[in-house]
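Everything on this sheet refers to the single structure shown next.
The values are calculated or read from the model by the stated rules, or taken from the named source; none is laboratory data. Nothing here was measured: the structure is a model prediction, and the numbers come from that model. A quick note on method: Cβ atoms are made from the backbone with ideal geometry, for glycine too, and the neighbour counts reach across all protein chains shown.
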Amino acid sequence: MTVAVTTYRDAPLLCQCLQSVRRVYPSARLVAIADGWDHPAVREIADRHGAECHYGERLFPLAKGTAMWRRYFALYRQRPTDYLFRIDTDTLFHRPLTNLPQGLCYFGSLQEMEVLDRTQKVPFVQGGCIGFPAETVETIWSSGMLDDQAINEHPHTTWGVGFSRYMPDRGLISVDKMMGYIAYRLGINAVRHEDIYSHWYVNKG
């Protein structure tokens, strides 16, 4: 499997995250991506845990659109494996995942989002840990959705519907809602995986 994590000014979390993955999956391909943060600590931590280190431009700003997902998938496709996991730096692995889904789906902890053409909310996978079978990565990559100008230019009518209180109004993307919208448009099911517990925490301090 490939486990990809993006870091930005959170070296201690990156270290704990990579250490937990490496302890559970000694032979996994780990990919640490510095998102517009060129600190040498990223490479030092990556080297310590047998991870690749990639320094790149800051892609979380809203104006970058789907570029964050294009980067994840492009790096994965350089050395494809049976699964890709996109995780946050505060995500920890405690034991091997069992019964990984196969085929055209993606999986993790489920939440719900609004879309304009549906009266009911649709499920999406929370961004702390998102799993993709190889087939799903290739389907999304070849679909053209990662270059869709509506997604890039109109978040409040695509992935950001009903979400104005946080990411879009702060000028940042929401990687999980964006992927939720892409998956919905492509008919890719979001599947709950019982071994994954991930939720969105708002620091009110």
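A few remarks follow.
- Given (1) within 14 Å of G180 (Cα to Cα); (2) assigned to a loop (DSSP other than H, G, I, E, B), number of the condition T136 does not satisfy: (2)
- M178 meets each of the listed conditions (1) of a type in the set (A, V, I, L, M, F, W, C); (2) surrounded by fewer than 17 Cβ atoms within 10 Å (Cβ to Cβ); (3) in a helix (DSSP H, G or I) apart from (2).
- For the range 187-199, the criterion of a residue being of a type outside the set (S, T, Y), free of Cβ contacts under 8 Å to residues at least 60 places away in the same chain and either surrounded by 14 or more Cβ atoms within 10 Å (Cβ to Cβ) or closer than 16 Å to Y83 by Cβ (or both) is satisfied by no position.
- Pairs where the first residue, in the range 39-58, is closer than 20 Å to Y25 by Cα and the second is of a type in the set (D, E) and part of a helix (DSSP H, G or I), C-beta under 8 Å, 6+ apart: C53/D47
- Filter result (farther than 26 Å from M145 by Cβ and either modelled with pLDDT under 95 or in a strand (DSSP E or B) (or both)) within the range 186-198: none
- Leading residue by the ranking (nearest to G162 (Cα to Cα)) among those in the range 120-133 that are in contact (Cβ under 8 Å) with a residue 60 or more places away in the chain and outside any loop (DSSP other than H, G, I, E, B): V122
- Counting only helices (runs of 4 or more DSSP H) that fall entirely inside the range 1-98 and contain at least 3 residues that are more than 15 Å from the chain's Cα centre (by Cα), the qualifying elements are 11-24, 40-48.
- If you check G65, G36 for being at pLDDT 95 or above and at positive phi, only one passes: G36.
- If you go through the range 99-119 and keep only what is modelled with pLDDT of 95 or more, assigned to a loop (DSSP other than H, G, I, E, B) and crowded, with 18+ Cβ neighbours inside 10 Å, you end up with just S109.
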